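Peer 1: Before anything else, here's the structure in question.
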Amino acid sequence: MGLLTVIRKMRAKEREIRILILGLDNAGKTTVTKKFLGEDTSKVEPTFGFNIETVEFQNFNLNLWDVGGQRSLRSYWKNYFEQTEALVWVVDSTDRERLQMCAEELGKLLQEERLLGATLLVFANKQDIRSAVKCEDIAKNFELGRYQVAPLENLPVLGNNWRKFTRSDDMALRRCF
Amino acid sequence: MRELLLIEPGPNGFEEKIESPQQMDEDEDGVIGCLPSHLQTSHRIEIQNISTNVRFEDEKNFEKVQERFKKLLEIYAEQPSLLDPLIPETVFNLSSVVNLTANDGHPKILDERSALALMLLFTLIKIRGYKTIMKFLPREIHHLKPIVSCLEQYGNASPALQSCRICERTTLLYWLTIVCMNPFDLRRLDANDQETSTLKRILIMVKPLLSVTHSTIHFAAARLIAECIARAEGQHLCKEVIDDCIAKICTNGQKESFGELILILNLLKHVPRQVIAPFVNEISSIVSLLFEKQKSNPLIRKYLSKAARRISLVMLSPTLCQWRYQRGRRKLEENITNNDMSRISELEANMTQEGPEQGEAAPDSLVQRCIGLLMQFLNDNDTAVRWSAAKGIGRITERLHRELAAQIVSTLLKNNFLSTNGYASWHGGCLALAELSWRGALLPEHLTAAFSVIQNALTFEEKVGRFAWGSCVRDAACFVLWSWARAYRREDLQQYLEKTATGLICCALFDREISVRRAASATFQELVGRVGGISHGIELLTLVDYFAVSNRRKCFSLLCVAVSEFYEYLPALLDHLIEFKVCHWDEKMRVMCGLAFESLATRYPRETWARILRTVFPLLKKAHVPVMHGALFTLAHTLRGLSSVNFQIESHIVKELIILPRALQPQVNSNKNLQGELLRLALSHYVALLSECNFPIDAEEFNSWMYIVESCCCDEKEAIRLAGNEAAEKVVGLLRNIPNCAPIVINNLIRVLKEPSREWQRGGACQILENLPISVPIHSDLIDLFCTIITRSVKAEEKWAFARACAVKSLSQICKRQRFNSEEWAMIKKKIFNVFMVALDDYTEDARGDIGRFVRCEAMKAMTTMLCDEKETITKDEVTQVLCQIIQQSAEKIGRLRETAATCIKTILVSTTLPGLNNVDLLRELYACPDLFIYDKQLYSLRPLLSIKPYSASILHGLVLSAGGISEVTAQFALQALHEYLDSATESEAEEAMAILVKFIQSPASPRLSLPLLRVLSTILPRIPHLLTHPDRSTEILNILTYCRKVLSNPRVSPVNARLCLNAISPLLLSEPRSSTWKFTMTIIVSCLSCPYPAVRCASAETLTEALCTMEIVDDELIGLLSDTQWQGSGTMAKGGETEWQRAALEIHQRLIVGDTRADG
């Protein structure tokens, strides 16, 4: 054991990134995950447990932990906080009624000491639907200014135009790290 | 990283770790071990095949499959992440094979196939780590119940099964852990009528696993419990589990409580802080109890240091302290959005100076105790404990208030780096500093103090006897500098940069250990890449890269000069060498240091010489021998370097240099022990190198130099003799320039040759004479002296084979170099030839075995030289004589000798003009590859020579010696050659061979030759059929029988020899029973029945029985008597004081010999 061992371990570790994907139920977490993986999204069912997926991105191994968002499952979220480098909070932009609840849940998460230092990405999903809340409004609603997170206007839009999605996805991820 | 290709696995696939030969040739100095750099395709396919085929595999193959799988994965044990692309698929395949439900109530719990799959998964977990593998195991909630009940069955099974199925259970435990991570209330699984909840069931099932003997299953079990307790519905069980655990530890007494300790560690890590916090006091009290009781075990100490760390982390809230040092702004988005530099620096100022102070201001006394414990563990004897403690210090300090952190740093700097402290304390201190630095907890204001410490640590050594500890400290010092390079801005490090760079370069070039050199090189790279501002950083980086520094000799002789091309580094290199390497404790390092000085002196004569004069000269006055050794080596090499560039040294210093050997002579004479040896070694090296410098030297000084050379050449240790010989070659050459000195030297040596007190003295004298320059005339007296030495005329010196070998070599060299006039030469030539012939037949033996081989080896070489040089004058007979002798050597027992012989023959055959060469083509073919003669099987290839006239006797001689030897393989091939020849030989040829062989037993060197012959005879005789049909015609057979009778009738014959004789003549019993040979043989063998040795009696009885059975009329009664008698024991005493076997022997004698004669009569 010596410096060379440390260096070798660091190299292996630096390549692994753990991303936790959370949000209310029906926000589209699993769809987002599957989209990252380039899998078929036509048959997505509500997640009652959790999924772990690994995808390679610019020489990084991204481990995506997608946990179900049902109310009954939310109390278990904290079991997944350990060593989380990034948190992706998926918002259903069309769900105006629960937007407040969504902000509150995120607020609770941000109080968690174990998520300290993790990067947050608020993912305004379903922006392609006309009735969706605008990104800026979501930002206002979430009062994110004090958390020093990435500016919202550049967030990816999950819509019919997939090419656009992938590109902005790339950008967003880059910002995460 | 370099690419190392792995050879495709062969049919058995056991040689994966060998590099391709090409690669090795290219840069073999860089290779220490062999690490794969990527996943080999064939390995990938094989692993995939195994994982998919487990389903269909034949059950008999399971063990083989498992072994192979393990073997394949272990190749990647050092860099398991290479396996990553394979893992999802493999884990999926394997886990889908496991059938958890089928065998409910079955005694074996799981079927073989499932067990195998779990074992393979365990191997994966072991190599890649459970965290990675766990992710890919199926985690649907419906798996929970079957896994739990399966594990329960294991628990209920017989004790034998409980301990052996550890691997399967470990895998299942990890699997259960990931299933338990489901966001799902486990209480929903519980039926109302069940007594215990699922969670409780799990806990009950797992707990016993913690008390098995220490194994991997502890970690899996503890991890699972922690996972369960961390769940919302499990948190109420926390108290119960902890109480339980503590009670266990208390009752365990002296038994080591690994399982419980590991459980506590896992709880501290995984259970939410708020839940575990109330129990921390209890836990800490039990930890201190364990510390008192079991601190003698390093593993326990490591766990305790972990526990101390985790307790503190539970106590301290995980805030990121604002005071933490941050190197500029390291957030990309801020740098992009705020291009205004002034704003950035403003932000920075806020962060480091004005920011609100955070961190725990007044931590609990418990945390303070933990820090105290960790500080203590930093000095621990065990490396793993120190590493763990250092990590703990780093992580705790991160959460503390700024002032407290500063306190920790200053305590560390004050306590851990005292000059009286041992290496452990320095190592721990360095590790802690490194951890603190890269967490930002070592603020720039501490750097000055830390730097002076690190500078010392880079060259740290703690001398212990003839060894020194401290490579780990030097390595850790590199670690600190490496983290600095990553953590600090250039402005912070600016004032230390120059010294850091030179220190690292010296360490990378001149450290004794390869790992430290490499670490220093990697650190230098980090420093150049991240901090920059190092002069010629990039150039140096490419020079002393990771691979270049792996060869120490290259570092000292080549790389250091290359580095010194950047002049500003030269002073540092010289200072480092002088301060740490000239007097290094390791002799090899002192020698290396000499090499470095030679190279540097060639490039920078003035600078190097100035330093040597100032620093190394005074060292010679010290009475400490290793220091003088180092100084002499350094001085000698520097002088050679200087003279190669014609650097002028002041004449008074030259004088001082020349008389140095004489000045040190008293010290050499007074030190007779190891120290004296070292000094002589150094001095002989010194004079050797000095004689290359062309200094003016007079006779008196020359004699003092010769004295050193002589004493080394005549030493009994080989290493010193070798050094002496090297020196002799160069020093004796000086005789050219010193007139009138040669006769004195030669006379002196002749005296030693004539009356040596030890064998080595004579050998040494020969070796010195060998180097006499051509201009020195040689008298024939000396030649005569050599001849008498070689011919072994003095009885007391008979065993001095080494000295004779030296004499042969020396004589050959002298004859080659000296220009005798033709008359003189004609006179001595014949004499020398005869002497060499005698040497070729030197078979002296002593306790070490055949020591004559040295003489024969040298004689063969000498003869070869002579034949080639004297083509014109040599006669045909002489050539044949020599060739026969050498051919005989090429068929003998010792591989090295055969090789030399073959080389000589090949050389002789090159010169076609030699007279008397027969069958040249065949010989050329047989001796084409002398290297092969080292192998025994080459003996077999020599069989064609057996039928070729002038050589047949010699080759037979050699082969019989080999075939009758005791080494089995040699004998096997030699016998094979002999048998094949005899099977195809004609009657007359066979008879001739016999005639040659029989001379063996008549020769004066009898036992050396006759024993091998006897060994061979038993298999040779049956292959000469006409001898057995008409045995009485052959006088050879009679000779053999007479000889054997003589040996056997000697009352003091050894049982081994007696049996050899018996075996040798036993084939003769197959000959015509009416012949006199048959009767003679029978008489001898029957007489052996009354031999005093039981083994011989048994052997002769056996031989007799065999022979009687094959006769035309079988005498059943006689055979019964032979087989029923107890030939082995002393037997029961019968009447008349005769034992049973004596009576039997008498009766057999009566019936076979006496009866026979009567019938004849």
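Peer 1: Taking the Cβ-Cβ separation of residue B:419 and residue B:38 as r and a Förster radius of 56 Å, what is the calculated FRET efficiency to the nearest 0.05?
Peer 2: On the way: r = 47 Å, r/R0 = 0.85.
The pair residue B:419/residue B:38 has a calculated efficiency of 0.75.
Peer 1: Among B:414, B:809, what's the order by accessible area (1.4 angstrom probe), most exposed first?
Peer 2: Working: B:414 140, B:809 75 Å².
Heavy-atom accessible area, descending, gives B:414, B:809.
Peer 1: For the pair residue B:603 and residue B:56, how long in nm is the line joining their label points, each one 7 Å along Cα→Cβ?
Peer 2: 6.5 nm
Peer 1: Probe 1.4 Å, all protein chains in place: accessible area of residue B:423 in Å², nearest 10?
Peer 2: 50 Å²
Peer 1: Within the range B:525-622, which trypsin sites (Lys or Arg not before Pro) sit in a loop by DSSP and count at most 15 neighbouring Cβ atoms inside 10 Å?
Peer 2: On the way: sites: B:530, B:552, B:553, B:554, B:581, B:588, B:590, B:603, B:606, B:611, B:614, B:621, B:622; in loops: B:621, B:622.
Of the trypsin sites (Lys or Arg not before Pro), the ones in loops of the range B:525-622 whose Cβ has at most 15 other Cβ atoms within 10 Å are B:621, B:622.
Peer 1: So, one more: Measure nothing fancy, just the Cα-based angle from helix B:718-732's long axis to the longest principal axis of chain B, in degrees from 0 to 90, nearest 10.
Peer 2: Helix B:718-732 sits at roughly 70 degrees to that axis.
Peer 1: How would B:517, B:301 line up by accessible area, probe 1.4 Å, largest first?
Peer 2: Working: B:517 5, B:301 30 Å².
I get B:301, B:517, largest accessible area first.
Peer 1: Expressed as a rounded percentage, what relative contact order does chain B have, with Cα pairs under 8 Å and six or more residues apart?
Peer 2: Values: 1498 pairs, mean separation 38.8, N = 1161.
For chain B, the relative contact order is 3 percent.
Peer 1: Another question, then. Can you give the accessible area of residue B:1115 in Å² (nearest 10), computed on protein heavy atoms with a 1.4 Å probe?
Peer 2: 60 Å²
Peer 1: For the range A:1-142, build the convex hull from the C-alpha positions and give me its volume per residue in Å³.
Peer 2: Values: hull volume 19.3 nm³, N = 142.
Spread over its residues, the Cα hull of the range A:1-142 gives 136 Å³ apiece.
Peer 1: So, one more: State the antiparallel share, in %, of DSSP beta bridges confined to the protein assembly as shown, rounding to the nearest 5. Don't jump to the answer; show the numbers that get you there.
Peer 2: Details: 15 of 34 bridges.
Of all bridge pairs located within the protein assembly as shown, approximately 45 percent are antiparallel.
Peer 1: Tell me the label-point distance for the pair residue B:240, residue B:748, using the 7 Å Cα-to-Cβ offset, in nm and rounded to one decimal.
Peer 2: 9.5 nm
Peer 1: Also, quick follow-up: Rounded to the nearest 10 degrees, what's the angle between the helix B:1140-1149 long axis and the longest principal axis of chain B, both from Cα atoms, 0 to 90?
Peer 2: 40 degrees
Peer 1: State the volume of the convex hull built on the alpha-carbon positions of chain B, expressed per residue in Å³ and rounded to an integer. Don't skip to the end; give the middle numbers.
Peer 2: Values: hull volume 341.0 nm³, N = 1161.
So the per-residue hull volume is 294 Å³.
Peer 1: Quick check on the protein assembly as shown: what are the equivalent-ellipsoid semi-axes from the Cα gyration tensor, as sqrt(5λ), descending, whole Å? Please list the in-between numbers first.
Peer 2: On the way: eigenvalues 1242, 495, 166 Å².
Working from the Cα gyration tensor, I get semi-axes of 79, 50, 29 Å.
Peer 1: Now, a different point. Need the full-extension length gain, residue B:1124 to residue B:788, defined as separation in residues times 0.36 nm minus the C-alpha distance. One decimal, nm. If you can, show how the numbers build up before the last one.
Peer 2: Details: separation 336, 0.36 × 336 = 120.96 nm, distance 6.17 nm.
Contour length minus Cα-Cα distance gives 114.8 nm.
Peer 1: Rounded to the nearest 5, what is the percent of antiparallel bridges among the DSSP beta bridges in chain B? All intermediate terms of the calculation are to be shown ahead of the outcome.
Peer 2: Values: 7 of 8 bridges.
Percent antiparallel among DSSP bridges in chain B is about 90.
Peer 1: Leaving ligands and nucleic acids out of the surface, order B:498, B:513 by accessible area at 1.4 Å, largest first. Write down the numbers at each step before the final one.
Peer 2: Working: B:498 145, B:513 55 Å².
Solvent-accessible surface, decreasing: B:498, B:513.
Peer 1: If I take all pairs of Cα atoms in the range B:430-545, what percentage of them are more than 21 Å from each other?
Peer 2: On the way: 2079 of 6670 pairs.
That tail contains 31 percent of the Cα-Cα pairs.
Peer 1: Tell me, what is the FRET efficiency for residue B:868 and residue B:215 to the nearest 0.05, using R0 = 60 angstrom and their Cβ-Cβ distance as r?
Peer 2: Numbers: r = 71 Å, r/R0 = 1.19.
Between residue B:868 and residue B:215 the formula returns 0.25.
Peer 1: Another question, if that's okay. Counting only other chains, and only Cβ atoms inside 10 Å, what mean value do you get across the residues of B:272-279? All intermediate terms of the calculation are to be shown ahead of the outcome.
Peer 2: Details: counts 6, 2, 1, 0, 0, 0, 0, 0.
For peptide B:272-279, the averaged partner shielding equals 1.
Peer 1: Okay, next question. Considering only C-alpha atoms, what is the centroid distance from the range A:115-132 to the range B:1059-1134, in Å?
Peer 2: 104 Å
Peer 1: How much solvent-accessible surface does residue B:317 expose, in Å² to the nearest 10, with a 1.4 Å probe and all protein chains in place?
Peer 2: 40 Å²
Peer 1: Further question: Mind listing which trypsin sites (Lys or Arg not before Pro) in the range B:249-295 are in a DSSP loop and have 16 or fewer other Cβ atoms within 10 Å? Spell out each step's value before the answer.
Peer 2: Numbers: sites: B:255, B:269, B:273, B:293, B:295; in loops: B:255, B:295.
For trypsin sites (Lys or Arg not before Pro) across the range B:249-295 that sit outside H, G, I, E and B with at most 16 neighbouring Cβ atoms in 10 Å, the list reads B:255, B:295.
Peer 1: What's the total accessible area buried between chains B and A, using a 1.4 Å probe, rounded to the nearest 100 Å²?
Peer 2: Numbers: alone 53090 and 10760 Å², together 60590 Å².
Chains B and A together bury roughly 3300 Å² of accessible area.
Peer 1: Using 7 Å Cα-to-Cβ label points, what is the residue B:1153/residue B:456 separation (nm, one decimal)?
Peer 2: Result: 9.2 nm between the two label points.
Peer 1: On a 0 to 90° scale, report how tilted helix B:949-963 is relative to the longest principal axis of chain B, with both axes built from alpha carbons and the result rounded to the nearest 10.
Peer 2: Computed tilt is about 50 degrees.
Peer 1: At R0 = 22 Å, how high is the FRET efficiency between residue B:142 and residue A:71 if r is their beta carbon distance? Nearest 0.05 is fine.
Peer 2: Working: r = 22 Å, r/R0 = 1.01.
With a Förster radius of 22 Å, E is 0.50.
Peer 1: Same structure again: For the range B:782-851, which GluC sites (Glu not before Pro) are both in a DSSP coil and crowded by at most 14 other Cβ atoms within 10 Å? Show your work: numbers first, answer last.
Peer 2: On the way: sites: B:797, B:798, B:823, B:824, B:845; in loops: B:798.
Passing sites in the range B:782-851 are B:798.
Peer 1: Ignore the peptide's own chain and count Cβ atoms of other chains within 10 Å of each Cβ in A:3-13; give me the average, rounded.
Peer 2: Counting Cβ atoms of other protein chains within 10 Å of each residue's Cβ and averaging gives 6.
The values are calculated or read from the model by the stated rules, or taken from the named source; none is laboratory data. Fair warning: this is a prediction, and the values are worked out from it, not measured in the lab. For neighbour counting, all protein chains shown are included, and Cβ atoms are generated from backbone atoms with ideal geometry for every residue, glycine included. Note: areas computed on protein heavy atoms with side chains; ligands, DNA, RNA excluded. Shrake-Rupley method; radii C 1.70, N 1.55, O 1.52, S 1.80 Å.
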